[in-house]
Amino acid sequence: MNIWGQLAIKALVSGVLIAAASELARRSPGWGGLVASLPLVSFLTMLWLWHDGAGDRIADLALSSTAYVIASLPAFILSALVLRRGVTLPAAMALFVLCGFAGYLAMTALGKKLGLPV
């Protein structure tokens, strides 16, 4: 299979997972949150790396993914808090993006000092 075919399969599988999580969340926020929080993207990325012959990069991916998950947690908490206080969705999403970006910048700086693959 050529590179474009492989890319199309990766995009299709990833898109189906996102669509499934959003549909499930519409019916049950708890179950949707569970599916959305599963490390499915990381798992699929590890599979794609292994399939593409870059299995030696999987351990670094696992460490960097963990670091960035930790960095993004404040953004999720902040968005939940402001939405429950009546802030509009566009404003809450803007705060989510800004807080997430700040967390990623901070983790990148800290991770480099700690020798993490970020």
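Short to long, the 5 Å bins of the Cα pair-distance histogram for the chain hold 2, 10, 14, 16, 20, 17, 12, 6, 2, 0, 0 percent of all pairs. Among 45, 88, 66, the largest mean-square fluctuation in a Gaussian network model of the chain (Cα springs under 10 Å) belongs to 88. Residue by residue, the range 91-107 carries 3J(HN,Hα) couplings of 5, 5, 5, 5, 5, 4, 5, 5, 5, x, 4, 5, x, 5, 4, 5, 5 Hz when phi is fed to the Karplus relation 6.51 cos²θ - 1.76 cosθ + 1.60 (θ = phi - 60°); x denotes Gly or Pro. Subtracting the Cα-Cα distance of residue 28 and residue 62 from 0.36 nm times their residue separation leaves 9.3 nm of extension gain. Entry note, the range 50-118: relative contact order of 41 percent, from Cα contacts under 8 Å with a spacing of 6+ residues.
Working note: Karplus 6.51/-1.76/1.60 with θ = phi - 60° gives the range 58-71 the couplings 5, 4, 5, 4, 4, 5, 5, 4, 4, 4, 6, 5, 4, 5 Hz, where Gly and Pro are set to x.
The helix-based estimate of mean residue ellipticity at 222 nm for the chain, built from -39,500 (n - 2.57) per DSSP H run of four or more residues and divided by its residue count, is -29000 deg cm²/dmol to the nearest 500. Normalised by the number of residues in the chain, the average gap of Cα pairs under 8 Å and 6 or more apart makes the relative contact order 20 percent.
Since every read-out is calculated from the coordinates, none of them should be taken as a lab result. The structure displayed is predicted, hence computed values, not measured ones.
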